[in-house]
Amino acid sequence: MKNNSRRGFMGMAFGAVAAVGAIGSLVAMKKSWDPLPSVKAAGFTTLDMSIYEEGVMVTEKWRGKPIFVLKKSAKVMKEEEGDPDAQARNIKIGDDNFMIAIGLCTHLGCIPAFRKHKNDFLCACHGGTFSAAGLVTKVPPPRGLDIPPFKIDGNMLVLGEKGPEWAAMKQNGVTL
C-alpha cells in the first residue's frame, strides 16, 4: 500500500510541475504576441493646434505617413461656403478651421505639393490636383485625400484615436 501512495504522490507532483510549466509557456507566448510598448506609443500623435499659422501648410508624421495640416484662412473659408463637400471635410478646433489629411495621393500614393498661391495641392506624378479641402479638382485621383482617424481634445488633436467628429465623417462617407 505504501508503494501505491508514493506512486500517486509522484504522479500528482509531476502533473503539478507540468501544469505550472504549461501556464508559464502560455503566458510567455501571449507576451510575445502583444505589441511592444514603443509600437503602441507610435499609434497616437498629439498635435497642439494653437501653434499653426493661417495659410501655412505643415507636414506632420503619424505612423510613418505624412499628415497635411492646413489652418484655413478666411479667404479659403469664404471660397468653400457654397460647397457642402468641402464644408463636410472641415475640422473646427476652437475658433479655427483646419484641413487634416494623409498626404498621399489616392491615385498612386505620391506626395502632393501644396501651392500656396493657388491654395491647392498638385500631384506632379500624373497632374492630379486637390483643393484646400482635400477634394479632387483634377483627375486621375479617384477620391479626395483621406482623413486619418482623429479625436479633438480641447485645443489638441490626437491622431490615431477615433473621436466622434471622425466617426461622423466616416459614417457620412467623407473619408474611408
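So L108 ticks every box in (1) part of a loop (DSSP other than H, G, I, E, B); (2) at pLDDT 95 or above but one. Which box is left unticked?
(2)
Report every pair of residues separated by at least 6 positions or lying on different chains whose Cβ atoms are under 7 Å apart, first residue within the stretch 96-124 and at positive phi and in contact (Cβ under 8 Å) with a residue 24 or more places away in the chain, second among the aliphatic types (A, V, I, L, M) and not in a loop (DSSP other than H, G, I, E, B).
Final answer for the pair search is N119/V76.
For the stretch 137-151, give me each residue that is in contact (Cβ under 8 Å) with a residue 24 or more places away in the chain and either of a type in the set (G, A, S) or assigned to a strand (DSSP E or B) (or both).
G144, F150, listed by residue number.
The values are calculated or read from the model by the stated rules, or taken from the named source; none is laboratory data. Because the structure is a prediction, the values reported are computed rather than measured. No Cβ is skipped: glycine too gets one built from the backbone with ideal geometry, and neighbour counts run over all protein chains shown.
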